[in-house]
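A quick write-up on the structure given underneath.
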Amino acid sequence: MNPITRFARRRWSIGVGVVAIAAATTMYLSAQGDTQAVVNAAFAKYKTLTEGKNADYIPALAKVDPKLFGIALVTTDGKVFTAGDLNTEVSIQSISKVFTMAQVIQEQGPEAIEKRIGVDATGMRFNSIISVEAVRGVVGAGAPEINPLVNPGAISATSMVTGATADDVWAKIIGFHNDSAGRSLTVLQDVYKSESDTNQRNQAIGALMFAYGYIKTDWRQAVDLYTRQCSIGVNAKDLATMAATLAAMGKNPVTGKQVIDAKHVPGVLAVMAPRASTTTPASGCSTPDSRRRAASAAASSPSRPASSASRSYRRRSMTRATASARNGPSRTSQMR
């Protein structure tokens, strides 16, 4: 079985599962009667939580008030439930990787990502240079140990967004994020400057990815635009709406706009699935307040080390899910 066929099967198996989960969650919440009361109760229970600390590898993130706390729940049928701080914006950081990857898939198809960058976990840190060296000779064949949700792959994905000038590329990147969030977003300039002043490692990664053929345009522009996209300001409702857009098969459930074709969503989710958690900071990109993790978890996608055993388990699980998908959608997904 060729890599594209395997990837297609993976995309559909993950997609069917996520649609079923989203539908089941919506039905469950509807059955509870007063969803807002549940959100209020969660806010009350966790508002005094003080575990964790701000990320400090980008100096500006260390300065964010760690007491900020907001919860937003957006369902696939467009209902919005909130509690706490919904006005304060924090930088989107690694979550932006998902949406820039989705934009490339929308424009060029999933094979563009698979063949240029790859779709598998690296087993290394999010900003590993060793992981770049490990795949230096396989560009164009589908790098087996890199993906667009770790820094080398993410910077490469940003470089794949087309445009005659840097401004043209940026207009497309911010436009896609705007459509996913359902409003006009802006860059937090203090974060952008702070990250630009301290991103020498990302610059080195960008130069290597250019040298090895993964980036085929100006690598300095790619690193700068990547840094800028990580500095986009979002609040809890923005993140929830962006996650709901993916859960609703690419249609923003609040605005009703189809942001990404439904046929491409399973591919996006499949790349996200193996990287759902990590023990290391997310890619020069993570939310500064640990208590916002619950609001952003559905959309975040940093890299996770994966042993050969865990990869084998994922392949077996995906094969079983694919068999179910071939037999038709589950009762839950049919009810969506």
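The values are calculated or read from the model by the stated rules, or taken from the named source; none is laboratory data. Keep in mind that this is a model prediction, so the values were computed, not measured. Cβ sites come from the backbone with ideal geometry, for glycine too, and all protein chains shown count toward neighbours.
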Of the residues in the range 214-256, those that are in contact with a helix residue (DSSP H, G or I) (Cβ under 6 Å, 6 or more places away or on another chain), part of a loop (DSSP other than H, G, I, E, B) and either in contact (Cβ under 8 Å) with a residue 60 or more places away in the chain or within 25 Å of G70 (Cα to Cα) (or both) come to Y214, I215, S231, M249, G250, N252, P253, V254
Considering residues that are surrounded by 14 or more Cβ atoms within 10 Å (Cβ to Cβ) and in a helix (DSSP H, G or I), the number found within the range 176-189 is 6
Expected single match for surrounded by fewer than 22 Cβ atoms within 10 Å (Cβ to Cβ), modelled with pLDDT under 95 and assigned to a helix (DSSP H, G or I) among E107, E133, E145 is E133
Hey, does the range 72-90 have a residue that's over 30 Å from G250 (Cα atoms), surrounded by 12 or more Cβ atoms within 10 Å (Cβ to Cβ) and touching a residue at least 24 places away in the same chain (Cβ under 8 Å)?
no
